[in-house]
Amino acid sequence: MIRIEPRTRAPGLWAAVPPVLAVLATILASTVILNILGVPPLDALHYLYVAPFSSRFNFAEVLLKMAPLLIIAQALAIGFRARIWNIGAEGQLILGAIGGSLLPVAFNDSVNPLMLPAMAAIGMVFGMGWAAIAAWLRTRFNANEILVTLMLNSIALQLLYYLVSGPLRDPYGYNFPQSALFPDVAMLPTLISGTRANSALIVALAATLLAWGLTQRSFVGFRLRVGGLAPGAARYAGFSEHRAIWMALLIGGGAAGLAGVFEVAGPLGQLQRVVTPGYGFAAIIVAFLGGLNPVGILAASFFMAVIYVGGDVAQTAAGVPHTVNLVLQGVLLVTYVAARVFTDYQVTWSQRAKA
Amino acid sequence: MALLELCGITKSFGAVTAAQSLDLSIQPGEIHAILGENGAGKSTLMKIIYGVLQADAGTMSWDGQPLHIENPAQARAYGIGMVFQHFSLFETLTVAENVALSSGVSVARATTHIERSGARFGLEIPAAAKVHALSQGERQRVEIIRALMGDPKLIIMDEPTSVLAPTAIPGFFGIVRDLAAAGCAVLFISHKLSEIRTLCHTATVMRRGQIVATVDPTETSQADLARLMIGRDIPHPKRAVATVSDTPILKVTDVTVADDNPFGTTLKDVSLTVHGGEIVGIAGISGNGQQLLAHVLSGEIPLSPGQGDIVFDGRPVGRHGVAERRAAGLAYVPEDRQAQGSVPELSLTENALLTGHMAGLIQHGLIRRAAATAFSERCIDDMDVRCAGTGAEARSLSGGNLQKFIVGRELALTPRLLIAAQPTWGVDIGAAQAIHQKLVDLRQDGLGVLVISDELDDLLEISDRIHVMFRGQLSASIPRAEAREDVIGALMAGSFAEAVAAS
């Protein structure tokens with residue numbers, strides 16, 4: 001008979017074992033998978049894990065993709081620590097992109113330097129509003145936020161399709177489903193000249209600092225953590241569960257909305273039918289891979305960005321399907337969860353009793 | 001020949017030796033007490049006998065044959081039954097269905113068995129009754145009947161009287177004696193000395209995982225048994241005269257609240273007052289609505305209009321939540337210290353913050369870490385908590401030390417009123433004494449103290465007045481001078497509620 005019992009070992013360095021194992025397993029699995037697709041193992045390793053560092057442009061791409069992952073994952077982790085499961089960052093990001101596009105589409109020839117901050121504010125409010133639907137349904141009707149946030153993703157996508165083919169479509173865009181190109185004042189400053197890496201990364205690093213302060217130093221973070229670890233103790237201490245739900249979902253929604261603004265104001269430069277290559281979902285993996293710890297998430301978002309860029313390189317160089325990216329994200333999550341089972345629990349074998 | 005012999009049984013959990021070379025011999029038809037404080041190793045011993053745990057070393061023999069038990073099913077096959085302290089019955093099923101489910105026989109056969117055992121051992125219980133409608137004592141009968149299903153030669157009973165009203169205990173003893181007379185040995189686990197002296201033929205006393213003595217309890221005085229059990233004399237809290245305030249600190253009027261749990265107890269017209277300088281006790285067998293009352297008083301379940309009034313320090317607080325009531329000067333030591341009073345995974349400093357955050361430990365939304373550490377240090381020092389310092393995780397503390405820490409934290413908030421629910425549950429005698437002394441000291445300082453407990457001896461020792469709770473109703477209070485065990489015992493069995501219902 002197999003028995004699975006929780007380990008009583010103090011955490012510490014052991015916390016680093018599951019993510020490291022998951023990363024190693026993903027590197028191994030990716031070579032195998034690409035080999036099945038006809039790419040020799042050494043080439044596969046090169047495309048996925050060396051190429052992203054081999055040129056200034058490629059490395060800048062890593063930094064570009066790291067920014068939204070980092071912003072969203074830090075915010076999601078705050079909620080996850082309180083056991084409030086926002087699976088809807090993808091939809092909240094889309095709403096942020098829509099909200100961020102309103103001003104540059106409406107005032108397409110504006111030169112007002114306040115354009116970008118205003119876009120960021122509107123995008124965050126849109127993302128928060130989308131998450132607020134889930135918070136309201138949960139606190140009012142006890143509707144499960146996992147289901148609600150997940151389903152709102154699909155609605156957000158349809159809303160985006162409608163807007164880019166209708167009200168927000170560029171009237172001079174030959175009927176393509178995309179908005180007008182944004183004016184310069186609506187674009188993020190570049191971080192490394194000649195590349196697409198932009199100042200969203202600075203904001204993401206600031207968000208990391210903020211998340212660290214919130215989780216490690218603030219009373220709000222403490223209350224959220226108690227609510228996640230011991231709901232009974234939170235009720236006993238008078239920490240409101242409704243407030244925790246609202247706070248966790250609004251923080252996640254706001255961060256995802258901001259990441260959405262940074263996509264349209266950064267690499268895209270307009271609102272399109274596709275504003276995110278799955279950042280909202282990948283950020284969930286990043287949050288867990290980073291152990292829900294602000295510093296761990298910093299490292300995890302970097303690795304996830306490397307996979308994104310490596311997958312793109314493999315796609316163009318060896319013609320593998322772009323879904324390889326999704327497969328690798330899946331491998332990363334599954335191996336991480338499996339490794340957690342073995343570090344948090346011990347498996348003991350005992351002879352089946354002859355009853 | 002001995003029915004069951006244990007020789008050199010040893011069991012360790014990590015660095016802790018819970019059982020150290022235990023030798024034990026039980027004769028057929030013997031009522032054998034295992035006596036010891038919490039954590040003395042009583043549960044470990046009985047779990048080894050019942051096959052829940054396996055010993056690291058030592059041998060057991062049954063009727064002279066070597067005995068190897070790997071799981072409870074095997075133990076039952078040998079003829080060893082067990083009555084657990086916490087019942088494992090399905091409340092929505094009938095008695096017969098519960099017995100049938102656990103023993104794998106048809107409901108019809110279970111019904112016959114229930115009727116037969118009922119007639120033979122005075123365990124009358126309607127086989128068709130749903131378990132949720134039964135009292136705690138009746139549920140215990142179901143557990144005993146279930147244990148009797150396999151015609152056991154040995155029944156282990158874990159703290160069986162803890163769920164019974166004092167008046168129900170003589171009847172229960174009769175059942176145990178009948179079982180023994182029929183040749184079934186009974187292993188009776190308890191920490192209540194008087195019961196063991198009345199009932200048992202032999203008493204094995206355990207302390208810190210070892211057997212310290214095997215005595216004839218009828219020949220040994222209660223004080224001697226206590227000394228063997230804790231290794232020294234039991235101290236009593238020192239009470240002095242206290243000044244009782246003129247106006248009550250807490251006044252509860254006609255509180256009627258239904259429990260969320262469909263099988264829970266509803267509070268009916270509960271009224272009580274607590275003045276400064278007095279300890280008011282609420283006695284009663286657990287499960288009669290005490291937990292709901294504690295939640296209603298602490299503010300975890302605020303009152304709605306029409307559910308009654310709670311006035312704290314002259315101000316109505318019935319509709320207020322926990323935070324507002326705490327800000328007004330209410331402190332509360334909850335019954336469940338692992339899941340409510342503390343967060344096991346967090347450090348003591350963080351646990352001090354749980355309710356101590358009101359004591360100036362937060363500034364501009366940030367935690368003042370030095371102040372929080374100093375605060376938790378004070379809780380540790382005040383109550384003499386044994387721990388590895390303020391950074392120790394709450395789960396690393398023993399139950400008694402964690403409870404002392406929680407009491408210390410609530411007192412460090414300098415409350416006007418302290419509510420303590422089951423303050424000495426699972427706490428060793430030393431820690432229980434320290435907590436009692438602290439409660440008595442508070443009363444001397446003019447605070448109001450409300451203690452909810454099912455340990456009647458404890459309440460009689462510290463309370464100025466005692467109410468009794470039965471099926472959600474509260475009796476009038478009995479002053480200390482008139483509160484004798486038999487008086488309170490009758491109330492615990494519901495005599496006042498019947499009087500109310502009859503009038």
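The values are calculated or read from the model by the stated rules, or taken from the named source; none is laboratory data. Here the structure is a predicted model, which means the values were calculated and not measured. Ideal geometry is used to build each Cβ from the backbone, glycine not excepted, and the neighbour counts take in all protein chains shown.
Given the residues B:Gly299, B:Gly277, B:Gly284, which is the only one that is under 28 Å from B:Glu91 (Cα atoms) and in contact with a helix residue (DSSP H, G or I) (Cβ under 7 Å, 6 or more places away or on another chain)? Let's see the steps before the verdict.
On the way: B:Gly299 fails: under 28 Å from B:Glu91 (Cα atoms); B:Gly277 fails: under 28 Å from B:Glu91 (Cα atoms).
That would be B:Gly284, the only listed residue that is under 28 Å from B:Glu91 (Cα atoms) and in contact with a helix residue (DSSP H, G or I) (Cβ under 7 Å, 6 or more places away or on another chain).
Specify the residue that is modelled with the highest pLDDT; the eligible residues are those in region A:326-351 that are in a strand (DSSP E or B) and hydroxyl-bearing (Ser, Thr, Tyr).
Taking region A:326-351 and keeping what is in a strand (DSSP E or B), we get A:345-349.
Adding the requirement that they be hydroxyl-bearing (Ser, Thr, Tyr) leaves A:345, A:348.
Working: A:Tyr345: 80, A:Thr348: 73.
By that ranking, first place goes to A:Tyr345.
Could you tell me whether any residue of region A:222-238 is away from chain B (no Cβ under 14 Å) and of a type in the set (A, V, I, L, M, F, W, C)?
Of all residues in region A:222-238, those away from chain B (no Cβ under 14 Å) come to none.
So far as region A:222-238 goes, no, none of its residues is away from chain B (no Cβ under 14 Å) and of a type in the set (A, V, I, L, M, F, W, C).
Across region B:319-345, what is the number of residues that are surrounded by fewer than 17 Cβ atoms within 10 Å (Cβ to Cβ), assigned to a loop (DSSP other than H, G, I, E, B), small (Gly, Ala, Ser) and facing another protein chain (nearest Cβ under 10 Å)?
2
Would you point out the residue of region B:16-55, among those that are within 14 Å of chain A (Cβ to nearest Cβ) and surrounded by fewer than 20 Cβ atoms within 10 Å (Cβ to Cβ), that is farthest from A:Trp349 (Cα to Cα)?
Taking region B:16-55 as the starting set, the residues that turn out to be within 14 Å of chain A (Cβ to nearest Cβ) are B:16, B:50-54.
Still in the running and surrounded by fewer than 20 Cβ atoms within 10 Å (Cβ to Cβ): B:16, B:52-54.
Numbers: B:Val16: 23, B:Val52: 16, B:Leu53: 15, B:Gln54: 14 Å.
Selected residue: B:Val16.
Condition first: away from chain A (no Cβ under 12 Å) and hydroxyl-bearing (Ser, Thr, Tyr). Now tell me which residues in region B:346-396 satisfy that.
Passing the criteria: B:Thr373, B:Ser376, B:Thr390.
I'd like to know if region A:195-211 contains one or more residues that are within 30 Å of B:Met358 (Cβ to Cβ), in contact with a strand residue (DSSP E or B) (Cβ under 9 Å, 6 or more places away or on another chain) and within 13 Å of chain B (Cβ to nearest Cβ). Can you show your working first?
Residues of region A:195-211 within 30 Å of B:Met358 (Cβ to Cβ): A:209-211.
Subset that is in contact with a strand residue (DSSP E or B) (Cβ under 9 Å, 6 or more places away or on another chain): none.
No - not one qualifying residue is present in region A:195-211.
Scan region B:56-70 for residues that are buried (at least 17 other Cβ atoms within 10 Å of the Cβ) and within 14 Å of another protein chain (Cβ to nearest Cβ) and jot them down.
The one that is buried (at least 17 other Cβ atoms within 10 Å of the Cβ) and within 14 Å of another protein chain (Cβ to nearest Cβ): B:Ile69.
Can you confirm whether region B:86-96 contains a residue that is of a type outside the set (Gly, Ala, Ser), more than 21 Å from B:Cys7 (Cβ to Cβ), modelled with pLDDT of 90 or more and part of a helix (DSSP H, G or I)?
Yes, the conditions are met somewhere in region B:86-96.
Is one or more of the residues making up region B:252-268 over 24 Å from the mean Cα position of the chain (by Cα), among the polar types (S, T, N, Q) and farther than 30 Å from B:Glu30 by Cβ?
So far as region B:252-268 goes, yes, one or more of its residues are over 24 Å from the mean Cα position of the chain (by Cα), among the polar types (S, T, N, Q) and farther than 30 Å from B:Glu30 by Cβ.
Would region A:162-183 turn up any residue that is under 21 Å from the mean Cα position of the chain (by Cα) and not hydroxyl-bearing (Ser, Thr, Tyr)?
So in region A:162-183, the residues under 21 Å from the mean Cα position of the chain (by Cα) come out as none.
For region A:162-183, residues under 21 Å from the mean Cα position of the chain (by Cα) and not hydroxyl-bearing (Ser, Thr, Tyr): absent.
From the residues in region B:346-360 that are in a loop (DSSP other than H, G, I, E, B) and among the small types (Gly, Ala, Ser), which one is farthest from A:Gly232 (Cα to Cα)? Break it down into steps so the answer makes sense when it comes.
First, pick out the residues of region B:346-360 that are in a loop (DSSP other than H, G, I, E, B): B:346, B:357-360.
If we keep only those that are among the small types (Gly, Ala, Ser) too, we end up with B:359-360.
Details: B:Ala359: 22, B:Gly360: 24 Å.
Result: B:Gly360.
Give region B:307-318 a look and list any residue that's more than 28 Å from the chain's Cα centre (by Cα) and either crowded, with 20+ Cβ neighbours inside 10 Å or touching a residue at least 12 places away in the same chain (Cβ under 8 Å) (or both), or say none.
As a first pass, look at region B:307-318 and keep what is more than 28 Å from the chain's Cα centre (by Cα): B:307-309, B:311-318.
Passing the criteria: B:Gln307, B:Gly308, B:Asp309, B:Val311, B:Phe312, B:Asp313, B:Gly314, B:Arg315, B:Val317, B:Gly318.
Does region B:37-59 hold any residues that are part of a helix (DSSP H, G or I), over 14 Å from B:Leu24 (Cα atoms) and more than 19 Å from the chain's Cα centre (by Cα), and which are they?
Scanning region B:37-59 gives a single hit, B:Lys47.
Any residue in region B:122-139 that is part of a helix (DSSP H, G or I), at pLDDT 80 or above and under 29 Å from B:Leu4 (Cβ atoms)?
Yes, that holds for at least one residue.
Could you please give the count of residues in region A:135-185 that are within 20 Å of A:Ile284 (Cβ to Cβ) and not hydrophobic (A, V, I, L, M, F, W, C)?
Result for region A:135-185: 6.
Conditions tested, residue by residue: (1) among the acidic types (Asp, Glu); (2) at pLDDT 95 or above.
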site: A:Asn58; (1), (2): no, no
site: A:Pro68; (1), (2): no, yes
site: A:Glu90; (1), (2): yes, yes
site: A:Ser110; (1), (2): no, no
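Residue check: is B:Gly14 touching a residue at least 60 places away in the same chain (Cβ under 8 Å) and small (Gly, Ala, Ser)? I'd like the intermediate steps shown before the answer.
On the way: touching a residue at least 60 places away in the same chain (Cβ under 8 Å): no; small (Gly, Ala, Ser): yes.
Here the answer is no, as B:Gly14 does not meet what is asked.
Just checking, how many residues over region B:254-274 are over 15 Å from B:Gln473 (Cα atoms) and buried (at least 21 other Cβ atoms within 10 Å of the Cβ)?
Qualifying residue count, region B:254-274: 1.
Tell me yes or no: at least one residue of region A:224-234 is surrounded by fewer than 20 Cβ atoms within 10 Å (Cβ to Cβ) and not in a helix (DSSP H, G or I).
no
Every residue in region B:286-303 that is aliphatic (A, V, I, L, M), away from every other protein chain (no Cβ under 12 Å) and in a helix (DSSP H, G or I), please. Talk me through it step by step, then tell me what you get.
Step one: list which residues in region B:286-303 are aliphatic (A, V, I, L, M), which gives B:292-294, B:296-297, B:301, B:303.
Among the residues that remain, those that are also away from every other protein chain (no Cβ under 12 Å) are: B:292-293, B:296-297, B:303.
Correct list: B:Leu292, B:Leu293, B:Val296, B:Leu297.
Output the residues belonging to region B:83-139 that are under 23 Å from B:Ala180 (Cα atoms), of a type in the set (A, V, I, L, M) and surrounded by 15 or more Cβ atoms within 10 Å (Cβ to Cβ).
B:Val83, B:Val99, B:Ala110, B:Ile114, B:Leu123, B:Ile125
Identify, from the list A:Ala300, A:Ala314, A:Ala339, A:Ala305, the residue that is crowded, with 23+ Cβ neighbours inside 10 Å and closer than 24 Å to A:Ala82 by Cα. Please lay out each step first, then the result.
On the way: A:Ala314 fails: closer than 24 Å to A:Ala82 by Cα; A:Ala339 fails: crowded, with 23+ Cβ neighbours inside 10 Å; A:Ala305 fails: closer than 24 Å to A:Ala82 by Cα.
Of the residues listed, the single one that is crowded, with 23+ Cβ neighbours inside 10 Å and closer than 24 Å to A:Ala82 by Cα is A:Ala300.
Counting only residues that are over 16 Å from A:Arg217 (Cα atoms) and modelled with pLDDT of 90 or more, which one in region B:360-389 is surrounded by the fewest Cβ atoms within 10 Å (Cβ to Cβ)?
In the first step, residues of region B:360-389 are kept if they are over 16 Å from A:Arg217 (Cα atoms); the result is B:374-389.
Narrowing further to those that are modelled with pLDDT of 90 or more: B:374-381.
Values: B:Ala374: 14, B:Phe375: 23, B:Ser376: 29, B:Glu377: 15, B:Arg378: 17, B:Cys379: 25, B:Ile380: 23, B:Asp381: 10.
Out of the qualifying residues, it is B:Asp381.
Suppose we filter region B:433-457 for residues that are without any contact (Cβ under 8 Å) to a residue 60 or more places away in the chain, surrounded by fewer than 18 Cβ atoms within 10 Å (Cβ to Cβ) and not acidic (Asp, Glu); how many remain?
Number satisfying all stated conditions: 0.
Here's the yes/no breakdown for (1) touching a His at 6+ places or on another chain (Cβ under 8 Å); (2) surrounded by 16 or more Cβ atoms within 10 Å (Cβ to Cβ); (3) closer than 14 Å to B:Gly489 by Cβ:
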{"position": "B:Ser162", "(1), (2), (3)": "no, yes, no"}
{"position": "B:Ala168", "(1), (2), (3)": "no, yes, yes"}
{"position": "B:Leu179", "(1), (2), (3)": "no, yes, no"}
{"position": "B:Val186", "(1), (2), (3)": "yes, yes, no"}
{"position": "B:Ile196", "(1), (2), (3)": "no, yes, no"}
